[in-house]
């Protein structure tokens, strides 16, 4: 999905997509967001949840473990996943932090926001450099499949779990990755 976004926006691989969009004049930002959302909608239509997703969610619910979402996607793909790939008996994810939340991942701000909503921390501020104001370990696990997920989780003080995916083998050896899994169960 990111390759398609970069191609349609005319930016190189090393350039952060959202940073690029937010650097554009306001009128161009709206057009660029539309391009990204179109790519996300196309990917959403082909979305297949990981094997074991429902089983894992049921296990978390049975053990009263809260679930939140911190994503760089906009809300429509998130709602699509929750509505079409998780049965109604699964407890809600709350809060859900999308790319409208600023600053987005890889900043730890979204994860710190979740921790504050869950009363784990009393403040969720980040400094101008994007780092948490207070360095502390959090009783949270950030599960993701990208460098943004691993950086955000690590910098927030959460344990990080990398869901293995093709082309991201370098993340398996990244010192900020605490655990690597191939599937949910």
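Each value in this text was obtained by applying a stated rule to the coordinates, not by laboratory testing. All of these numbers come straight from a predicted model, not from anything done at the bench. Please note: Cβ atoms are built from the backbone with ideal geometry, for glycine as well, and neighbour counts cover all protein chains shown.
Using a cutoff of 8 angstrom between alpha carbon atoms and counting only pairs six or more residues apart, the relative contact order for the chain works out to 15 percent. Of all DSSP bridge pairs formed entirely within the chain, close to 10 percent run antiparallel. Length available on full extension from residue 12 to residue 74: 0.36 nm per residue minus the Cα-Cα distance, which gives 20.1 nm. Between residue 173 and residue 41, the contour length at 0.36 nm per residue exceeds the alpha carbon distance by 44.3 nm. By the helix-only formula, in which each DSSP H run with n ≥ 4 contributes -39500 (n - 2.57) and the sum is divided by residues, the chain has a 222 nm mean residue ellipticity of -12500 deg cm²/dmol. Here is the P(r) of the chain: all C-alpha pair distances, binned every 5 Å from 0, give 1, 7, 14, 19, 21, 19, 12, 5, 1, 0 in whole percents. Among 149, 42, a tally of other beta-carbon atoms within 10 Å of each Cβ gives an order, fewest to most, of 42, 149.
Remind me, relative contact order of region 1-43 in percent, using alpha carbon pairs under 8 angstrom and six or more residues apart? Relative contact order comes out at 45 percent. Please work out whether region 1-88 counts as rounded, prolate or oblate from its C-alpha gyration tensor, where a ≥ b ≥ c are the square roots of the eigenvalues and a/c under 1.5 means rounded, while otherwise a/b larger than b/c means prolate and anything else oblate? It comes out prolate by the Cα gyration axes.
Taking each pair of distinct Cα atoms in region 2-45 once, what is the resulting Kirkwood hydrodynamic radius in Å? About 10.5 Å for region 2-45.
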